[in-house]
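The block underneath contains the structure these notes are about, expressed in structure tokens.
The values are calculated or read from the model by the stated rules, or taken from the named source; none is laboratory data. From a predicted model like this one, the values you see are computed outputs, not experimental measurements. Here Cβ is always computed from backbone atoms with ideal geometry, including for glycine, and neighbour counts include all displayed protein chains.
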Amino acid sequence: MSLFRPRRRQVSINIVPLIDVMTVLIFFFLMTMHFEEMQALAITPPIAESAGKEKSAGGPIVAVTKSGEFYLNGKTVEKDVLVDTLRKTGEKTPGGPILIVADEQTLTKDTVFIVDQANKAGLSPKLVTRPSR
């Protein structure tokens, strides 16, 4: 019988690699998460970096005010007259350009109406915006 007892090894956990692994996992989860905002968008449209670079090239210019009035080449026009004019222009020059100028406060439905009618007429609509500051 021996009087000497073997010492037990002290159990320890090396924390440094554990911290490294946890840091990598946190970064991975942060980079792959999808953050979605649940609030309405406050959009102030027509500002764009490429503003002012489009030229009319002889095509018609259609403008829409915030009250929903349509202007064709600077003159007030009704919806049905505008549709007929766009259709006739599309027959004369298929694929021709048409510039659409919409006020910042214009309802989207009015702008989409013009774009839709221009596409139906076979024209190539371009939205005119103002440059960002």
remark   = Among strands (runs of 3 or more DSSP E) entirely inside segment 73-133, those with 3 or more residues being surrounded by 12 or more Cβ atoms within 10 Å (Cβ to Cβ) and on the phi < 0 side of the Ramachandran plot are 97-102, 124-128
task = Return a yes/no flag: does segment 74-85 have any residue that is at pLDDT below 80, touching a strand residue (DSSP E or B) at 6+ places or on another chain (Cβ under 9 Å) and acidic (Asp, Glu).
result = no
message = Please go through segment 65-103 and give me each residue that is under 28 Å from the mean Cα position of the chain (by Cα) and among the β-branched types (Val, Ile, Thr), ordered by number.
response = THR65, VAL83, ILE98, ILE100, VAL101
query = Within the group GLY59, GLY52, which residue is in contact with a Gly (Cβ under 8 Å, 6 or more places away or on another chain) and either at pLDDT 70 or above or in a loop (DSSP other than H, G, I, E, B) (or both)?
reply = GLY59
